[in-house]
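See structure below.
What follows draws every value from the coordinates through simple rules; no lab data is involved. Worth saying up front: this structure is predicted, and the values here are computed from it rather than measured. Cβ coordinates were reconstructed from backbone atoms using ideal geometry, including for glycine residues, and neighbour counts include every protein chain displayed.
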Amino acid sequence: MAFLELQHLTKTFYQKGKKVRVLDDVDLSVNRGEFVVVLGPSGEGKTTVLRIIAGLDQQDSGDIYIDGELVNDLPPKDRNVAMVFQNYAIYPFMTVFDNIAFPLKLRHVPKNEIREKVKKVSEMLQIDHLLDRKPYQLSGGQRQRVAIARALVKEARLLLMDEPLANLDAQLRTIAREELKELHKNLDITIMYVTHDQIEAMALGDKLAVLHNGVIQAYGTPMEIYKNPVNVWVASFIGNPPTNLLKGRIEGGNFVFEGYKLAVPKRIAEVFEGKEVIVGVRPDDIDIGGEIKGTIEASEPTGIYTIEHVKVGSTLIRVIDRGLIIRGRGQELKISINLDTAQFFDSASGRNLVS
């Protein structure tokens, strides 16, 4: 059995008098020492998963095993799980030392042992020089480290993190991601981390659990999910800019859309001839120059490249232009699309036809 096992987890809430199933028969296995990111849009039940594991919320049905132990009926304090909240939840009237030490004081750990543990974890997170300060004297990044230190000092077997970087600015988030990755490697601790930020998820996770409509749509390594999405929704959600979804039909060994014919791999043509499909093409797999004519609808310069929004017939296609050429709205742009690395989805069900 995996270190953390969720089996058939369901949870229903009432929102504005309406019954909403936030989690719908969720299964998930996390191995010891893994960094698993639960990724999905806001309001999809990601935080609810963490709160149920921690024992702060109760599932309607299903089982939770931690290190082989069924913990359904254990109170939070007996699950040996630590949680870092989005708002940090550190006490404003306590010093940094007392905030970090608080879980140990609740367990009546001897004072000398508390000092040693707080010293060790604060040095690890490079906040040992802040132990006498109050939270109002700290930056957002420092408060975030205090919250992580308080979680780590418990020496819990599982660390749950609910969007802990959400309140940091973009530059500081990048630094914090690197520190978290290094911290995980050094501690060899099992982490479940919630975010709606795809870049954050791809950068941090050993595995991603993509949650939507109460269901884990995909579970695997970031590259597995990025390169081989199981359905149209995952393809459209993972990646920034998102995958282009082109609707058309396989005819005579070609994908026909908006009056153009694009050659498809032989394995696709043989199996799906005559079928209505949706083709997923990453913006970075489309080249500037070719036979497909479109017009610029919008341009997004990012500094490294420009995302061109190109209208081909009634289809809007995002293209990454590394030439950094300034183009205006309405300007004609020719592109070429190679379908060798494209994903093919069933038009009706949305599922990947190849995976």
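Give the shape of the stretch 1-98 as rounded, prolate or oblate, defined through the alpha-carbon gyration tensor: a ≥ b ≥ c are the square roots of its eigenvalues, a/c under 1.5 means rounded, and otherwise the shape is prolate if a/b is larger than b/c and oblate if not. Oblate, because a/c is 1.5 or more while a/b does not exceed b/c. With contacts taken as Cα pairs under 8 Å at a separation of at least 6 residues, the stretch 139-240 carries a relative contact order of 20 percent. The local environment of TYR260, defined by Cβ-Cβ distances under 14 Å, has a net charge of +3 under the rule Lys, Arg +1 and Asp, Glu -1. Helix 111-124 and the longest principal axis of the Cα set of the chain meet at an angle near 30°.
Helix 140-152 and the longest principal axis of the C-alpha atoms of the chain enclose an angle of approximately 60°. For the stretch 250-263, the Karplus equation 6.51 cos²θ - 1.76 cosθ + 1.60, evaluated at θ = phi - 60°, returns couplings of 8, 9, x, x, 10, 9, 9, 8, 6, x, 9, 10, 10, 5 Hz by residue, with Gly and Pro reported as x. Taking amide hydrogens as placed 1.01 Å from N in the peptide plane, the amide H of ILE216 sits under 5 Å from those of ASP27, each at least 5 positions away in sequence or on another chain.
In sequence order, the stretch 287-301 has phi-based couplings of 9, 6, x, x, 9, 7, 9, x, 10, 6, 8, 6, 10, 10, x Hz under the Karplus curve 6.51 cos²θ - 1.76 cosθ + 1.60, θ = phi - 60°, and Gly or Pro positions carry x.
Of LYS18/LYS227; LYS266/LYS334; LYS119/LYS181; LYS46/LYS77; LYS134/LYS207, which pairs sit farther than 31 Å apart, going by alpha carbon to alpha carbon? Result: LYS18/LYS227; LYS134/LYS207 exceed 31 Å. The simple Förster model, with R0 at 56 Å and r as the Cβ-Cβ distance, assigns PHE93 and ILE288 a FRET efficiency of 0.40. Each Lys and Arg adds +1 at its Cβ and each Asp and Glu adds -1 at its Cβ; summed about the Cα centre, the chain shows a dipole of about 820 debye.
Measure nothing but the geometry: give the 0 to 90° angle between the long axis through the Cα atoms of 170-187 and the longest principal axis through the Cα atoms of the chain, rounded to 10°. So the inclination is approximately 60 degrees. Here the Karplus relation 6.51 cos²θ - 1.76 cosθ + 1.60, evaluated at θ = phi - 60°, turns the backbone of the stretch 6-22 into coupling constants of 9, 10, 6, 6, 10, 8, 10, 10, 9, 10, 6, x, 10, 7, 10, 8, 7 Hz, with x for every Gly and Pro. Round to the nearest 0.05 the FRET efficiency obtained for GLU273 and ASN228 when R0 = 22 Å and r is the Cβ-Cβ distance. E between GLU273 and ASN228, to the nearest 0.05, is 0.45.
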